[in-house]
Amino acid sequence: MEFRVLGPLEVIGTDGHAQSLGGPRQRAVLAALLLRLNTTVSVDDLVEDVWGEEPPATARHTLEAYVSRLRGILAGHDGIGIERRPTGYRLRLPQASLDLHRFERLSAEGRRAFDDGESATAFRCLQEALSLWCGPALADVVLCGSGRSEPARLDELRLRSQEDLIRVRLAHGEHEALLGELEALLERHPFRERLRAQLMLALYRSGRQADALACYEAGRRALQDALGLKPGRELQRLAGRIVRQEPELDAAEAPRKPPERPRVVLLRWASPEMQSALTELQREGLRRAALAYGVETERVSVAAAFPAFRRELERAAGRSELVLAAVSSMAPIVAAVAPRFPDTRFVVFDTSVLEPKLGDNVTGVVFADEQVGFLAGYLGALMGEQQSRSPVVSAIAGLPVPAVERLLAGYEAGARHAVPDARVLIDYIESWLGHDQCERLANEQIDRGSIVVFAVAGPSSSAALEAAELRGVWGLGVDDDQSYLGTQILASAVKRFDHALLSIVKSYVDGELPAGDVHLDLSRGGVGLVGINPAVPGDVRERLARVAALVRSGALRPPTERPRS
């Protein structure tokens, strides 16, 4: 599910349709919880956000009814729900499912990239961040109390990112193209000195020095007349530099317009049970690839049945230059179809295409699962050692596919590298959709002494992590930062599908996409351990960092296969 607050409040289901969210006050409850995602919001705060300072006597009972209805809307989606806490309610949700989180992350990445001299990356990130907006924040929601100021706060974040993107475009020499946009923004925000400085600079670089100084003078008068203030020192200095025609103000050379780019199609399973954080990461990568390289992109959701997938794969191959198969289970059909389309390149994620070789026009993306598994096992055993000299750690897997086997091989090796006497329990549910079985196995492992449970069972993983939370032991997640599931999430082992997809498209556009396998490891940002729990002691963090550095450098090579018993 997707949750949107950057515009009208919307919840988009896995079928792509907006969900009915009820009346204005019920929508306000959801908005208040989304704005404090994965934290407990007190009943008093929710009542104030929805009804203001003078709520009716029935407000608390009505709030319970609103929450109950919202739970019904969110039911059936792993990792998503509204929990009752002693003092209030907590909306549990993967952060990547909320457009506000993605906007803040992309905006921060864009600012960092520009500061590091990577203006092309900065442009892509900021443009993508701003593309998430569909109008004023929470345009159809009325919040009271402390929530009243939230839409204005979000709109301020949007304006700041607009200014950041303008800074990047000015650095690229787009001063003349920016004039109309800057004038419109400044008309809406006449006291925004950063916008005024950007307009002055754009006018000056367009050969309009007098207009640039007139813009300064108009701002000076507006401040004096309305607020009795003078322009800030930065704006005053810029006006002086324009008068002196300092050479440093001259524009950079405008970049050349990129040539026409190919069409890229991403195929993924449509089954709601198979949707996960990986789906969101793939979409993010495709979106960023379109912005970075000008490629036309399309996402196609296919029923999890091979005949239907083959038909869609053939259609995609016939109308595009690059076809991306999102998961390893699609590889056999890609192998059958690829020879019929020799001019189309195919990429299968999370699998090798060498044994057996799938074709000269097929590339496999192989993540170094053993590396991130090693770090997870190492951290888990160190935390287990806090309670026992011979700690027991465990893992619950879905199916024994190669990627999972590499992950578990690394996990077992990492645990024993940290604590040689550690015992490692590993069980399979032989499915990706065994929620009850996953919960049962987690409890059995905890009964056998496991202090850390590593959940590697796809959509069913949340059941094992919830069991760990209830039993007071540590849980290790996969796919995305799953710390939102509770206070007992130790860390999460992730594969950066967004980075992988962006890298693949870049390689294709540059004519450098190889036949065979592309390996993405810790050193290339393909895998990593994220969301490390604040309760992890400093000395454990230091030991983990040292081992990660050894793995990253290649000095320590985790095994890709578990030892035979």
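The values are calculated or read from the model by the stated rules, or taken from the named source; none is laboratory data. The model shown is predicted, which means the values in this text are computed figures rather than measured ones. Note: ideal-geometry Cβ built from the backbone for every residue, glycine included; neighbour counts use all protein chains shown.
Quick notes on this one:
- Residue count for the range 26-45, restricted to those that are farther than 27 Å from D481 by Cα and either surrounded by fewer than 17 Cβ atoms within 10 Å (Cβ to Cβ) or in contact with a strand residue (DSSP E or B) (Cβ under 9 Å, 6 or more places away or on another chain) (or both): 3.
- Apart from one condition, E183 fits all of (1) out of contact with any helix residue (DSSP H, G or I) (no Cβ under 7 Å at 6 or more places or on another chain); (2) without any contact (Cβ under 8 Å) to a residue 40 or more places away in the chain; the exception is (1).
- V494 meets the conditions (1) aliphatic (A, V, I, L, M); (2) part of a helix (DSSP H, G or I); (3) buried (at least 20 other Cβ atoms within 10 Å of the Cβ) in every case but one. The failed one is (2).
- Of the helices (runs of 4 or more DSSP H) lying entirely inside the range 112-217, those containing at least 1 residues that are of a type in the set (S, T, N, Q) and buried (at least 18 other Cβ atoms within 10 Å of the Cβ) are 119-131, 150-171, 193-205.
- Failed item, numbered, when G359 is tested on (1) within 23 Å of L399 (Cβ to Cβ); (2) more than 29 Å from the chain's Cα centre (by Cα); (3) at pLDDT below 90: (1)
- Odd one out for A415 among (1) in a strand (DSSP E or B); (2) without any contact (Cβ under 8 Å) to a residue 40 or more places away in the chain; (3) in the same structural domain as I446 (by TED's automatic domain parsing); (4) surrounded by 24 or more Cβ atoms within 10 Å (Cβ to Cβ): (1)
- Only one of L63, L98 that is buried (at least 19 other Cβ atoms within 10 Å of the Cβ) and more than 23 Å from the chain's Cα centre (by Cα): L63
- Subset of the range 423-439 (residues that are among the charged types (D, E, K, R) and at pLDDT 95 or above): R423, D427
- Take the conditions (1) farther than 17 Å from R288 by Cβ; (2) surrounded by 15 or more Cβ atoms within 10 Å (Cβ to Cβ); S107 misses just one of them, which is (1).
- Taking first residues from the range 58-74 that are within 18 Å of S42 (Cβ to Cβ) and without any contact (Cβ under 8 Å) to a residue 24 or more places away in the chain and partners that are in a helix (DSSP H, G or I) and not polar (S, T, N, Q), the Cβ contacts under 6 Å between residues at least 6 apart in sequence or on separate chains come to A59/V47; A59/W51.
- Selected residue (criterion: surrounded by the fewest Cβ atoms within 10 Å (Cβ to Cβ)) from residues of the range 537-556 that are out of contact with any helix residue (DSSP H, G or I) (no Cβ under 7 Å at 6 or more places or on another chain) and within 17 Å of A493 (Cα to Cα): A545
- Scan of the range 512-537 for residues that are part of a loop (DSSP other than H, G, I, E, B) and closer than 20 Å to E385 by Cα, ordered by number: I532, N533, P534, A535, V536, P537
- The residues of the range 1-42 that are assigned to a strand (DSSP E or B) and within 21 Å of P86 (Cα to Cα), listed by number, are T40, V41, S42.
- Evaluation of E48 against (1) part of a loop (DSSP other than H, G, I, E, B); (2) in contact with a Pro (Cβ under 8 Å, 6 or more places away or on another chain) (one fails), failing number: (1)
- The criterion of being touching a Pro at 6+ places or on another chain (Cβ under 6 Å), closer than 20 Å to Q387 by Cβ and buried (at least 24 other Cβ atoms within 10 Å of the Cβ) holds for A422.
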